[in-house]
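Participant: My questions will all concern the structure given below.
The values are calculated or read from the model by the stated rules, or taken from the named source; none is laboratory data. Note that the structure is a prediction, hence the values are computed from the model and not measured. FYI the Cβ positions are ideal-geometry reconstructions off the backbone, even for glycines, and counts take in every protein chain you see.
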Amino acid sequence: MIMSMFSPLRKKLPDFPWDALAPYGVKARAHPDGIIDLSQGTPVDPTPEFIQKVLADNSNSPSYPTTAGTPELQEAIRTWARKHLAVTGDFDVLPVIGSKELVAWLPTFLQSQSVIYPKVAYPTYLVGAMLAQSEEIPVDIDADTWPYADLAWVNSPSNPTGRVHTESELRAIIQWARRHDSVAISDECYLEFGDTTTPTSMLAYADGNNKNLLALHSLSKRSSLAGYRAAFLVGDPELIAQIRELRKHAGMMVALPVQKAMTIALGDDDHVELQRNRYNARRATLRPALEAVGFTIDESVAGLYLWCTRGEDAWQSVDWLAGLGILATPGSFYGPDGSHHIRIAMTATDNAIADACARILATRVE
């Protein structure tokens, strides 16, 4: 009786997509030379030692941290945002416990009734809307075609496609937000990983008026800090004040040693350039091998992924690669429009990427 009383109020979340990939992982692991996992965007390169040292030096942390972040961290985020996002005007900042939890809970925090997100997108945008019991509205890139919604997610560079929004596209999104008095939030976690295109922040085109605009950033990939759960928001001070107050009530605080590590990481660009060059070199290595066996690479001008198709169902491509001991992600994980693509992550060692290329090229019929 209790379950039936509450079930009409809840939406059933989609099955966890990675469970469906598990049998292909088994097949890939059976390869004589072992598995090369290019499915998940989990960093494998070491956390820079200077960041590790700060975390260790601050490990004696008996007191509760603040939700707002230390003054030093707040200033580090502000300085970074002015330099890298070209943000102007009045804005505020807020550290969060990794970007995924913010994506999942923002519609709940804002009590959004309807949530727009890209048709091909990181699945947590949909999950967050479902958790908030909001209307879920997948859309194309062009904001001039969007309906009304309380909240819109933008993702540039895109996960999974690596697509980068143009200035005109971002300005159209800002105009949509202003026209409807709605919130637009740009997930820019791969902003510093441009390859053939240099991404820019949505906030760069706000012309100093950041009302209803937010940008989300993460240190997981740019600093190999996925295990630290370190991310932050930049944008509209009133919105951030509202989110901060709710997070205070919920006890959502970034651990103090992690805040210290974030502060030092944001002050250094050299390690980010090194990491960007690693990912781009891996892309340059793997791309021609995939093209040689009939894959077309779409978009993939920034970020960590290759978005590939051979014009077949995504699971056929996944199965073919699994036979080579290579695990990739079906594009259907990111929406029905991705059903003929696969996503291949550059989050593997240089040796693993080279091995994957060799296995792929060995299948060519001379």
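Participant: Pull out all pairs, ordered by first then second residue, where Cβ-Cβ is under 6 Å, the residues are six or more apart or on different chains, the first lies in segment 248-270 and is free of Cβ contacts under 8 Å to residues at least 60 places away in the same chain, and the second is in a helix (DSSP H, G or I) and of a type in the set (Ser, Thr, Tyr).
Facilitator: Hits for this filter: zero, empty list.
Participant: Which pairs turn up if I take residues in segment 28-39 that are part of a strand (DSSP E or B) and look for partners that are surrounded by fewer than 19 Cβ atoms within 10 Å (Cβ to Cβ) with beta carbon separation below 7 Å, at least 6 apart in sequence or on another chain?
Facilitator: Every condition considered, the pairs that remain are 36/352; 36/355.
Participant: Let me ask something additional. Is it true that residue 69 is in the same structural domain as residue 132 (by TED's automatic domain parsing), surrounded by 14 or more Cβ atoms within 10 Å (Cβ to Cβ) and at pLDDT 95 or above?
Facilitator: Spelling it out, residue 69 is indeed in the same structural domain as residue 132 (by TED's automatic domain parsing), surrounded by 14 or more Cβ atoms within 10 Å (Cβ to Cβ) and at pLDDT 95 or above.
Participant: With the condition kept exactly as written, say whether any residue in segment 245-266 is buried (at least 19 other Cβ atoms within 10 Å of the Cβ), under 26 Å from residue 98 (Cα atoms), polar (S, T, N, Q) and at pLDDT 95 or above.
Facilitator: yes
Participant: Search segment 315-331 for residues being touching a Ser or Thr at 6+ places or on another chain (Cβ under 8 Å) and either at pLDDT below 95 or not in a helix (DSSP H, G or I) (or both), and hand back the single one that is surrounded by the most Cβ atoms within 10 Å (Cβ to Cβ).
Facilitator: In this case the residue turns out to be 328.
Participant: Now, a different point. Could you list, in sequence order, all residues of segment 50-72 that are among the aromatic types (Phe, Trp, Tyr) and in contact with a strand residue (DSSP E or B) (Cβ under 9 Å, 6 or more places away or on another chain)?
Facilitator: none
Participant: Failed condition for residue 299, given (1) surrounded by fewer than 19 Cβ atoms within 10 Å (Cβ to Cβ); (2) among the charged types (D, E, K, R); (3) touching a residue at least 60 places away in the same chain (Cβ under 8 Å), with all others met?
Facilitator: Unmet for residue 299, out of (1) surrounded by fewer than 19 Cβ atoms within 10 Å (Cβ to Cβ); (2) among the charged types (D, E, K, R); (3) touching a residue at least 60 places away in the same chain (Cβ under 8 Å): (1).
Participant: So which residues in segment 108-124 are farther than 13 Å from residue 337 by Cα, in a loop (DSSP other than H, G, I, E, B) and hydroxyl-bearing (Ser, Thr, Tyr)?
Facilitator: Within segment 108-124, 112 is the sole residue that qualifies.
Participant: Which fully enclosed helices (runs of 4 or more DSSP H) of segment 216-314 have 2 or more residues being closer than 30 Å to residue 341 by Cβ and of a type outside the set (D, E, K, R)?
Facilitator: Answer list for segment 216-314: 270-292.
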